[in-house]
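A.B. asks: Pasting a structure below so you can have a look.
The values are calculated or read from the model by the stated rules, or taken from the named source; none is laboratory data. The structure presented is a predicted model; accordingly, all values stated were derived computationally and were not measured. Note that each Cβ is placed from the backbone with ideal geometry, even for glycine, and that neighbours are counted across all protein chains shown. Side chains are part of the model used for accessible areas, which takes the heavy atoms of the whole protein and leaves out ligands, DNA and RNA. Shrake-Rupley method; radii C 1.70, N 1.55, O 1.52, S 1.80 Å.
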Amino acid sequence: MKKLALLTLVLSLFILGKPEKNLAAENLQAKIDSLQEGAVLHLKDQTYPGNIVIDKSITIIGTKHTVIKGDGTGNVISITAPNVKLNQLTVTGGSMNRNSSEEYAAIKIHTNNNVVEHITIRNSFHGIYLSQAHHNKIRYNDITGLGNGEIAAQGNGLHIYYANDNLLEANKIEGTRDGMFFEYANNNRSVENKISHTRYGLHYMYSDENIFKGNVFTMNTGGAAIMNSNHLKLEDNQFIINYGNQSFGLLLLQANDNYIAGNTFFMNQRGLYIDQATRNTITGNRVIQNQIGIELWASSTDQIFTLNKISDNTFPAITLGGSGEGNTWSQHGKGNDWGTSFPLTDLDQNGIGDFPVTYHSSLHQLLEDQELTSLFLKSPAIAIYEKINNTLNSDEIMFTDKHPLAAEKTSHASLLFVALGLLVGLILLKGRHYYALHLEGMEGKHKR
Amino acid sequence: MHYIWKEWKENIRGKGLWLSLSIIVLLSISILYRSSILSFDQGFYVLLINLFDTIIYFIPILCLFIGAFSIFQEKEQKTLIMLLTKKDNYPSFLLKKSLGLYTVVLVPLLGWFFLYLLLLKFQFQLDMKSYLIFVLAIVSLSLVFLQMGAAIGSFSRSRMQIIGYTIFVWFYFFFLHDFLLLSFLPDVTHENVKLFSSFFFLNPLQAVRMFLETGMGVYSFGHMSRLLEMFMWTKPVFFLIGNLFIWLAISFGIAIIFNRKEGYE
């Protein structure tokens, strides 16, 4: 009887001890180890401890609530075999240790031809890290970092290191150090990703011939920083509200022969910030309502600006550090549409202004010498400052567009709307007046 | 309470308040109309910034006029003398009058921005915290300039004086203050940047703008240089509170010290 009671107690303790986690952990790694090449593993709606290594070509498919949770000491999932597919998982608990020899990530990929999609990543240093991994597809993932804090305390959403020919598509990244960081990574395609509240939405270092299309960068310290990278194509991206004191939509630093077309730069501190860059073609972009539309440093040469719409910026374009060599503001007789920034006539109605436009400014010296100048860019006082310096001839030519485009015809609907509103207001006021008079009259009658 | 009620009755009969409010309403609707092409998730912030940038041209001058003419009307109609001979002294009159002014201007304004939020809901993904910060920014701006207006009304002796002083105050904060700071800008160093920053945020327009843009998370102060860190030596909200306190106190003080009980046409 005593033995039976003891056995029951031990068994009860075993049940109450909830050792499922460890069992599941062993099970997950053990399961992976036991799978054949090409097998498909379906995970349940439960939390599996992480730090797993996938060393064979398998597919892991989770459900809405499948979580793989690392113990905070390393990578949560390491992929060391090619042709692995991960689908619909939440991955969390990667190591934040910055003193280790390795930079850890939620998912670290060392191999080629893997597909990682519909993964939610939280509480990890880097989100997905491609290390010398090629031809991978990273799609529809949702990566959230630690938010605003020390830059170094957190990693990047997607970290692409010595990795080529990868597709990064429709990922949503928020609150990491850099949204996507490319280092020595060539021929990658980044399409329709959404990146916000990071340091740089996109950070390219020594990476050439990448394509970047349809991505949206909002509320980052810097939208995209292209550094030491050549022959990139940036098309149809949106750089919106990158608005801090030193912020920019797109920075080109020592970046050459890049093709930048059809992008929207809207409400940034600087739309484009170009320094020590050469032979970049900037065409068909919309640079609208930024503090400085284009900030071009003299160290940059041979840029071509054509067919861009550059309007409603506090300053359309500023040249700093002297005038750069060979930068042209029109190509094949077609310049840029400067909106209402310059009075322009087009008497022959060929869509090209009859005279060149030249922009003078005196603020460049202050901008160069004193970083606090940018705090005043929204102040109406800037206009007076410019006017006075213009009168005193202490301004300089910032650029000349020899063939400015005639401004797009804008609809006057909003003007009509305001006029209509004013009319209604006036009628109401007058109406009230007559009504008051009428009342007064009635009062008079009663008094009589 | 009597003062609030009196102020309310006077203002709803007059045109000034309604004209001011209709300008704000028209502006905000036209900006909403223009913003209809913006994206669902980010358009809200763009709209609020654009609305603020437009409204900032009108609220200061409208509040200055409303505040100044409200006080001046008491002089014109001799009600000021009556009130002062009865039981009030000038500070207590000014305090009650100011509270009345705040209520009368802010209640319709807040009412409109509540309605406006409903209109926004059809078009954008709302962020209530940001909207609250926006409304707070507008309220702060109105308070400062209403009180300044009350001061102008207190020491002015004619309508022409009111118009002159009001335009000067508006011009000063809109252009002159920043223009003076711009001319000092080349001499700003790590040693005097705090002083410069204090003068910068003494401009209510700058203090309110910084509070709004940082509060909404649009303007990022992450990764600042050392100079900028020293410039932002406290949080924008404290700059705004300091600014409010200083200008309300100065306006109140000036109104009490330099008040003239009689006005003439």
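A.B. asks: Considering only helices (runs of 4 or more DSSP H) fully contained in region B:1-95, which possess at least 2 residues that are open to solvent by less than 10 Å² (accessible area, probe 1.4 Å)?
C.D. replies: B:16-34, B:43-55, B:59-76
A.B. asks: In region A:307-323, which residues are open to solvent by less than 20 Å² (accessible area, probe 1.4 Å) and free of Cβ contacts under 8 Å to residues at least 40 places away in the same chain?
C.D. replies: A:Asn308, A:Ile310, listed by residue number.
Rundown of residues vs (1) of a type outside the set (Gly, Ala, Ser); (2) away from every other protein chain (no Cβ under 14 Å); (3) touching a helix residue (DSSP H, G or I) at 6+ places or on another chain (Cβ under 9 Å); (4) part of a loop (DSSP other than H, G, I, E, B), yes/no style:
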position: A:Asn245; (1), (2), (3), (4): yes, no, yes, yes
position: A:Leu251; (1), (2), (3), (4): yes, no, no, no
position: A:Phe265; (1), (2), (3), (4): yes, no, no, no
position: A:Leu296; (1), (2), (3), (4): yes, yes, no, no
position: A:Glu325; (1), (2), (3), (4): yes, yes, no, yes
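A.B. asks: Count, please, the residues in region A:207-242 that happen to be outside any loop (DSSP other than H, G, I, E, B), of a type outside the set (A, V, I, L, M) and within 14 Å of chain B (Cβ to nearest Cβ).
C.D. replies: 6
A.B. asks: If I go through region A:132-155 residue by residue, how many of them are closer than 20 Å to A:Leu89 by Cβ, of a type in the set (S, T, N, Q) and either touching a Lys or Arg at 6+ places or on another chain (Cβ under 9 Å) or outside the structural domain of A:Val53 (by TED's automatic domain parsing) (or both)?
C.D. replies: Number satisfying all stated conditions: 2.
A.B. asks: Can you tell me how many residues within region B:96-116 are over 14 Å from B:Ile24 (Cβ atoms) and open to solvent by less than 40 Å² (accessible area, probe 1.4 Å)?
C.D. replies: Within region B:96-116, residues that are over 14 Å from B:Ile24 (Cβ atoms) and open to solvent by less than 40 Å² (accessible area, probe 1.4 Å) number 5.
A.B. asks: Still on this structure: Would you please list the contacts, defined by Cβ atoms under 7 Å and residues six or more apart or on different chains, that run from a residue in region A:328-350 that is outside any loop (DSSP other than H, G, I, E, B) to a residue that is open to solvent by 60 Å² or more (accessible area, probe 1.4 Å) and of a type in the set (Asp, Glu)?
C.D. replies: Filtered contacts from region A:328-350: A:Asp337/A:Glu408.
A.B. asks: Next question. Is it fair to say A:Gly179 is among the small types (Gly, Ala, Ser), in contact with a strand residue (DSSP E or B) (Cβ under 6 Å, 6 or more places away or on another chain) and under 22 Å from A:Tyr243 (Cα atoms)?
C.D. replies: yes
A.B. asks: Would a scan of region A:400-423 turn up a residue that is open to solvent by less than 40 Å² (accessible area, probe 1.4 Å), more than 27 Å from A:Gly353 (Cβ to Cβ) and either at pLDDT below 80 or part of a loop (DSSP other than H, G, I, E, B) (or both)?
C.D. replies: Within region A:400-423, one or more residues are open to solvent by less than 40 Å² (accessible area, probe 1.4 Å), more than 27 Å from A:Gly353 (Cβ to Cβ) and either at pLDDT below 80 or part of a loop (DSSP other than H, G, I, E, B) (or both).
A.B. asks: Exactly one of these conditions fails for B:Val169: (1) within 10 Å of another protein chain (Cβ to nearest Cβ); (2) in contact (Cβ under 8 Å) with a residue 60 or more places away in the chain. Give me its number.
C.D. replies: (1)
A.B. asks: Search region B:220-249 for residues being touching a residue at least 60 places away in the same chain (Cβ under 8 Å) and not polar (S, T, N, Q), and hand back the single one that is farthest from B:Ser154 (Cα to Cα).
C.D. replies: B:Leu240
A.B. asks: Which of the numbered conditions does B:Leu126 fail, given that it passes all the others? Conditions: (1) under 26 Å from B:Lys75 (Cβ atoms); (2) touching a residue at least 24 places away in the same chain (Cβ under 8 Å).
C.D. replies: The number of the failed condition is (1).
A.B. asks: Kindly indicate whether A:Gly50 is closer than 20 Å to A:Ile107 by Cα, modelled with pLDDT under 85, in the same structural domain as A:Ile107 (by TED's automatic domain parsing) and open to solvent by less than 80 Å² (accessible area, probe 1.4 Å).
C.D. replies: yes
A.B. asks: Within region B:193-207, how many residues are open to solvent by 10 Å² or more (accessible area, probe 1.4 Å), more than 10 Å from chain A (Cβ to nearest Cβ), among the hydrophobic types (A, V, I, L, M, F, W, C) and touching a residue at least 24 places away in the same chain (Cβ under 8 Å)?
C.D. replies: Matching residues across region B:193-207 total 1.
A.B. asks: Here's another thing I want to ask about it. Quick one: would you say A:Phe181 is modelled with pLDDT of 90 or more, open to solvent by less than 10 Å² (accessible area, probe 1.4 Å) and either more than 27 Å from B:Met210 (Cα to Cα) or within 12 Å of chain B (Cβ to nearest Cβ) (or both)?
C.D. replies: No; evaluated as a whole, the condition is false for this residue.
A.B. asks: Being surrounded by fewer than 24 Cβ atoms within 10 Å (Cβ to Cβ), among the hydroxyl-bearing types (Ser, Thr, Tyr) and over 14 Å from A:Asn156 (Cα atoms) is the filter here; which residues of region A:184-204 pass it?
C.D. replies: Within region A:184-204, just A:Tyr184 meets the criteria.
A.B. asks: On to the next question. Looking only at region B:156-165, decide whether some residue is among the basic types (Lys, Arg) and at pLDDT below 90.
C.D. replies: Checked region B:156-165: at least one residue is among the basic types (Lys, Arg) and at pLDDT below 90.
A.B. asks: If you take the residues in region B:214-227 that are at the interface with chain A (Cβ under 7 Å from one of its Cβ atoms) and not aliphatic (A, V, I, L, M), which one is surrounded by the fewest Cβ atoms within 10 Å (Cβ to Cβ)?
C.D. replies: B:Ser225
Here is a yes/no grid of residues against (1) surrounded by 24 or more Cβ atoms within 10 Å (Cβ to Cβ); (2) within 14 Å of chain B (Cβ to nearest Cβ):
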{"position": "A:Ile107", "(1), (2)": "yes, no"}
{"position": "A:Val116", "(1), (2)": "yes, no"}
{"position": "A:Thr120", "(1), (2)": "no, no"}
{"position": "A:Ser124", "(1), (2)": "yes, no"}
{"position": "A:Ser131", "(1), (2)": "no, no"}
{"position": "A:Ile143", "(1), (2)": "yes, no"}
{"position": "A:Leu146", "(1), (2)": "no, yes"}
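A.B. asks: Give me the strands (runs of 3 or more DSSP E) completely within region A:27-118, filtered to those with at least 1 residues that are within 26 Å of the chain's Cα centre (by Cα), ordered by residue number.
C.D. replies: Fully inside region A:27-118 and qualifying: A:85-92, A:105-109.
A.B. asks: Also, I was wondering about something else. Please count how many residues of region A:324-356 are surrounded by 16 or more Cβ atoms within 10 Å (Cβ to Cβ) and of a type in the set (Gly, Ala, Ser).
C.D. replies: Selection size over region A:324-356: 6.
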